[in-house]
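A.B. asks: Got a structure for you, written out below as C-alpha cells; questions coming shortly.
The values are calculated or read from the model by the stated rules, or taken from the named source; none is laboratory data. If you're wondering where the values come from, they're calculated on a predicted model, not measured in any experiment. Using ideal geometry, Cβ is built from the backbone for each residue, glycine included, and neighbour counts are taken over all protein chains shown.
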Amino acid sequence: MLDGRGSVKRKLGARLWLSGTWLGLMAVLALLAPWISPHDPLAQDLFAGRLPPFWLDGADPAFLLGTDSLGRDVLTRILHGARIAFSVALIAGLATAFVGSLLGLLAGYMRGWVDVVISRLVEIWMAFPPVLFAILLIAVLGTGLTSIIIAIVVIDWTRFCRVVRAEAMNQSAMDYVSSAIVAGRPRRDILWREILPNVLPTIVALLTLEMGIAVIVEAILSFVNLSISTDAPTWGGMIAEGRTSIHQAWWVLAFPLGVLFLTVLSFSQFGEGLKDRFDPVLR
Amino acid sequence: MKLLRAILVRLMTMSVTLIGAAVVVFFVIRVVPGNPIAMMLPPGATEDDVARLTALYGLDKSIIEQFWIWLTGVVQGDFGTSISLRQPVMPLVLGRLPATLELAIFALVIAVVLGGALALTGVRHRETRTETAVDVANGVGLSIPDFLWALILIVLFGVLMPVFHISGRISPSLDLPFVTQFYVFESVARLRFDLWWDLLKHMFMPALALAIPLAAIISQLLKQSLKETMHLDYVTLSRTKGYGENHVILSEALPNAVLPTLTLIGVQFTFLIGGTVIIERLFSYEGLGNMAIDAVINRDLPLIQGIVIVFALLFTLINLAVDMMYALLNPRLRHA
C-alpha cells in the first residue's frame, strides 16, 4: 500500500516537472522573442516562400523550420506567437478566475436569492455553444487582444463559478465555519478569511486549466480570422494559413500545431498535477 | 406524482433559461457595429432604398419593439427572414440541423465505443502496464480539445496518410436521391450503401475529433466506477462461484457501474454539440455551425438568433432527457 502511494507520488512529480519545464521554457522564449528570433516576424520574402524545414531538400539553413507562402520565417513567428498566447493566457485566465470565483463564492456562501440569480445566469450561459458565443462577442467588440480577453472572461466565468460555488457550499457546512459563526465573527470576515483560503487551491488548479483554454480560444478566433490582424504572428493565424496550403507546405501547419498541442497539454497536466498535490489524501 | 411535479418544475426553469438566452443573444447582437442593410445593397443605392429595406426588415423600430415582434413570431414558429440569404430562417435552420445531428450522433457512438473499450481494457488488465497506458491515453484525450484533435487528424489522415476525406459532407459528383436532410439514415433506408459509405468516410474525421475528448471522459469515469464495483461483495461472490474474469466484469460489474457514466454522457453530449460549430468549419461540413459562423460574419441578425435559439433548445432538451432517464434508471429515485 505504501509502495503504491509512493509510485503514484513519483508519477505526479514527473507530470508536474515535465509540464512545468515546457511552460517555463515557452514563457522565457516568449519574453526573449524579439532578441532571439532569427528574423523579423512580419518580413516577407516572396523569393523564399514555402521553404521546407532544415532536414529536407531545398531548405535554407537560415530558416530552420522553413517559411510560409509569403516567405516569413516559421520559427520566428512561433516565438512571437508565444508572446501573444502567453499574454492572453495570463490576463484572461486571471480575470476569468477573479470574476467566476467571486460570483461562485457569493452564491455558495450567501445562498438565498443571490444564489438563485447567479445559478440561473450560469444555466442560461450553459445553453450557448461557447465557440459561437465567442465569435458573436468578437463581432460585437471588434477584433484585437482586449476583445479576445473580454470574450474569454464573458464566456468562461461559469467554469469557475460552478466549481467554486459547490466548494464554498461544502466548506460552509464544516465545523470550523460553524464555530466561527458561534464566535460571532462577521459574515464577510468568515467568507474572506476562512472559506476563501480553503477554496483557493481549487481556484489555482482551475486557473492553469483556464490558461490552456484561453490559448485555444485565441487560436480558434485567429482561425476564423477574428483575432488580431491577419498579419500578426499568432499560432491560430499560422494554423489557419497552414490549413489552406497543407498539401504544398505541411510544416506551416505542423510546427505551430505541435507547439500549441504541447502547451495546452502542459497547462492541463500542470493544473491536474497541482490539484493532486493539494489533495490531502495523496499528500 | 412527485416525478410529475419534478418534470413540471424542470419545464418551468427550462423556459426561463430559453427566454433568458433569447434576451441575451437578441440584445448582444443589436450592439454589433456594421449595418447589414448596407451590405445587401449594390453600390450606388439611394438613401430611399436603404430606408425602404430597413423598414422591410423592421430595423427602424426600437430595440424593445423589435424584440417583442421577434418573440411573438418565435412562439408561433416564425424566426423571421435571413438578411444575407433572403429566405425564411426556419427552413434554413431545419435544412442544416439534420447534418449537425447526424455528425453529433455519429461522434457520440464513436465516443461510447472507444471510451467503453478503453475502460474495459484498463479494468481487465488492472495494475499492469496496460492500465497505465489507458490512464495516459485518457489524460491526453481529456487535455486536448476537439479543435486541436481535428487539426491533428487533418495532418495525419488527410495529408500524410490520405485515407479519409477532410472536406465536405458527401462527394459532390454523386447523384443524390434524398428527400430528407438526414442523409445517413435515408441512405440506409433506401439500401444505397454506396452513398452511406461515402457519407461515413466524410464524417469519420470530424466525428472522431469530436469524440476523442468525450471518449476519454467516459473511459476515465467508467473505469473508476468499475474498479470500485469490483471490490463489492456480490462481485467477489460470483468470482467464488467460478465465473471467469470477463464474465464478472461484463455481466456483474458493468450493469451496476454504468449509471454515473450514462448521466455524464448526457451532460457532455451538449458540449460535443457545441463543438460542432468550429469542427464543421474546419472540415467544410455543411451543418448548422458552419452556417452560424457565416451568419456572424455577414451580420445576419435574424439567422444568428434563430440558430442560437435552436442550439439552446437542443441543449435544454438533452438536459431534460438526461434527468428523466436518470430518474427512470435509478431505483432509489424511481421508488422515492
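A.B. asks: I want to confirm something. Restricting to the stretch B:239-294 and keeping residues that are assigned to a helix (DSSP H, G or I), among the small types (Gly, Ala, Ser) and within 14 Å of another protein chain (Cβ to nearest Cβ), which single residue is surrounded by the most Cβ atoms within 10 Å (Cβ to Cβ)? Working first, answer last.
C.D. replies: Of all residues in the stretch B:239-294, those assigned to a helix (DSSP H, G or I) come to B:239-240, B:245-282, B:288-294.
Imposing the further condition that a residue be among the small types (Gly, Ala, Ser) reduces the set to B:251, B:253, B:257, B:266, B:274-275, B:289, B:292.
Add one more test, that the residue is within 14 Å of another protein chain (Cβ to nearest Cβ), and what stays is B:266, B:274-275, B:289, B:292.
Working: B:Gly266: 17, B:Gly274: 24, B:Gly275: 27, B:Gly289: 26, B:Ala292: 30.
Once the filter is applied, the top-ranked residue is B:Ala292.
A.B. asks: If a residue counts only when it is free of Cβ contacts under 8 Å to residues at least 40 places away in the same chain, which helices (runs of 4 or more DSSP H) contained entirely in the stretch B:124-196 have at least 3 such residues?
C.D. replies: Numbers: elements: B:129-143, B:146-153, B:183-189.
Fully inside the stretch B:124-196 and qualifying: B:129-143, B:183-189.
A.B. asks: Suppose we filter A:Gly112, A:Gly144, A:Gly184 for residues that are modelled with pLDDT under 85, away from chain B (no Cβ under 14 Å) and surrounded by fewer than 22 Cβ atoms within 10 Å (Cβ to Cβ); which single one remains? Step through it out loud before you land on a result.
C.D. replies: Values: A:Gly112 fails: modelled with pLDDT under 85; A:Gly144 fails: away from chain B (no Cβ under 14 Å).
Result: A:Gly184 is the single residue among A:Gly112, A:Gly144, A:Gly184 that is modelled with pLDDT under 85, away from chain B (no Cβ under 14 Å) and surrounded by fewer than 22 Cβ atoms within 10 Å (Cβ to Cβ).
A.B. asks: Let me ask another. Within the stretch B:125-174, take every residue that is among the polar types (S, T, N, Q) and surrounded by 18 or more Cβ atoms within 10 Å (Cβ to Cβ) and give me the one that is farthest from the chain's Cα centre (by Cα).
C.D. replies: First, the residues of the stretch B:125-174 that are among the polar types (S, T, N, Q): B:128, B:130, B:132, B:138, B:143, B:167, B:171, B:173.
Next cut, surrounded by 18 or more Cβ atoms within 10 Å (Cβ to Cβ) only: B:138, B:143.
Values: B:Asn138: 21, B:Ser143: 19 Å.
This residue is B:Asn138.
A.B. asks: Looking at A:Met1, A:Met26 in this structure, which one is more than 21 Å from A:Leu260 (Cβ to Cβ) and either modelled with pLDDT under 85 or surrounded by 13 or more Cβ atoms within 10 Å (Cβ to Cβ) (or both)? Even if it seems obvious, please write down each step before you answer.
C.D. replies: Details: A:Met26 fails: more than 21 Å from A:Leu260 (Cβ to Cβ).
Only one candidate passes the filter, namely A:Met1.
A.B. asks: In the stretch B:9-50, what residues are within 12 Å of chain A (Cβ to nearest Cβ), at pLDDT below 65 and assigned to a loop (DSSP other than H, G, I, E, B)? Steps first, answer last, please.
C.D. replies: Going residue by residue through the stretch B:9-50, those that are within 12 Å of chain A (Cβ to nearest Cβ) are B:10, B:12-34, B:36.
Cutting the leftovers down to at pLDDT below 65 gives us B:32-34, B:36.
Answer for the stretch B:9-50, where residues must be within 12 Å of chain A (Cβ to nearest Cβ), at pLDDT below 65 and assigned to a loop (DSSP other than H, G, I, E, B): B:Val32, B:Pro33, B:Gly34.
A.B. asks: For the stretch A:207-227, indicate whether the set of residues that are in a helix (DSSP H, G or I) and away from every other protein chain (no Cβ under 14 Å) is non-empty.
C.D. replies: Within the stretch A:207-227, the subset in a helix (DSSP H, G or I) is A:207-223.
This time we only want the ones that are away from every other protein chain (no Cβ under 14 Å), so: A:207.
Yes, the stretch A:207-227 contains a residue that is in a helix (DSSP H, G or I) and away from every other protein chain (no Cβ under 14 Å).
A.B. asks: What about B:Tyr326, is it of a type outside the set (A, V, I, L, M, F, W, C), modelled with pLDDT of 85 or more and touching a helix residue (DSSP H, G or I) at 6+ places or on another chain (Cβ under 7 Å)?
C.D. replies: no
A.B. asks: While we're looking at this one, here's another question. For the stretch A:36-45, indicate whether the set of residues that are in a helix (DSSP H, G or I) and within 25 Å of the chain's Cα centre (by Cα) is non-empty.
C.D. replies: Of the stretch A:36-45, the ones in a helix (DSSP H, G or I) are A:36.
Filter again for within 25 Å of the chain's Cα centre (by Cα), leaving A:36.
Yes.
A.B. asks: Taking the condition within 14 Å of another protein chain (Cβ to nearest Cβ), part of a helix (DSSP H, G or I), at pLDDT 80 or above and farther than 15 Å from B:Arg299 by Cα, does B:Leu97 pass? It would help to see each step written out before you state the result.
C.D. replies: Values: within 14 Å of another protein chain (Cβ to nearest Cβ): yes; part of a helix (DSSP H, G or I): yes; at pLDDT 80 or above: yes; farther than 15 Å from B:Arg299 by Cα: yes.
Yes; evaluated as a whole, the condition is true for this residue.
A.B. asks: Is it the case that some residue within the stretch A:151-167 is away from every other protein chain (no Cβ under 14 Å), outside any helix (DSSP H, G or I) and of a type in the set (A, V, I, L, M, F, W, C)?
C.D. replies: No, because not a single residue in the stretch A:151-167 is away from every other protein chain (no Cβ under 14 Å), outside any helix (DSSP H, G or I) and of a type in the set (A, V, I, L, M, F, W, C).
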